Amino acid sequence: MNWANLYDVLAWLMTAGAGVCAWGILDVAERRQWLPGLATLDFEAKRWVALGVAAVLTLAAWGVSMLFFYVAPPQSWRAGVEEVVRQLLVSLPLAFTASQIAHARAHTARAQMLEEPMEQHELCPRG
């Protein structure tokens, strides 16, 4: 994938990229406490919030794609509704899977970063 052009970035955002970006936005917002209520949500509610953010990102990317004439705009309101549903049915399963993978990788990396200093410290003899 060539990240130098907007078309590829928008195409990525309309698939798995929406999930990765949604996870990233919510992860940073939670760790920096930008959204105070986010930390109090249980894991299931956070998944639904992430799915909602991914849906918004998908539809925003689709809208920008229409604005730049990368995709044809719908011919009627019914065609518009059908296209919105199609975009979400294609994007959200991919976005959900990608966000779960990103979350798992970050969780594993953070756990390893916390464990490494302890392991290195244990190998060093105390004087």
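The values are calculated or read from the model by the stated rules, or taken from the named source; none is laboratory data. All figures in this text were calculated on a predicted structure; none of them were measured in a lab. Don't worry about glycine lacking a Cβ; one is built from the backbone with ideal geometry, like all the others, and counts go over all protein chains shown. What goes into the accessible areas is simple: the full protein's heavy atoms, side chains included, and nothing from ligands, DNA or RNA. Shrake-Rupley method; radii C 1.70, N 1.55, O 1.52, S 1.80 Å.
Across the stretch 1-42, the qualifying residues are those that are among the acidic types (Asp, Glu) and either surrounded by 14 or more Cβ atoms within 10 Å (Cβ to Cβ) or within 10 Å of the chain's Cα centre (by Cα) (or both), and the one among them that is nearest to residue 64 (Cα to Cα) is 27. Restricting attention to the stretch 2-45, the residues being closer than 17 Å to residue 95 by Cβ and outside any helix (DSSP H, G or I) number 2. Of all residues in the stretch 72-127, those being open to solvent by 70 Å² or more (accessible area, probe 1.4 Å), polar (S, T, N, Q) and modelled with pLDDT of 90 or more number 1. Please give the number of the condition residue 70 fails out of (1) part of a loop (DSSP other than H, G, I, E, B); (2) closer than 26 Å to residue 5 by Cα; (3) free of Cβ contacts under 8 Å to residues at least 40 places away in the same chain. Only one criterion is unmet by residue 70, namely (3). Does residue 57 qualify as being open to solvent by 60 Å² or more (accessible area, probe 1.4 Å) and within 21 Å of residue 14 (Cβ to Cβ)? Judged against the criteria, residue 57 is not a match. For the criterion of being in contact with a helix residue (DSSP H, G or I) (Cβ under 6 Å, 6 or more places away or on another chain) and not β-branched (Val, Ile, Thr), residue 60 fails.
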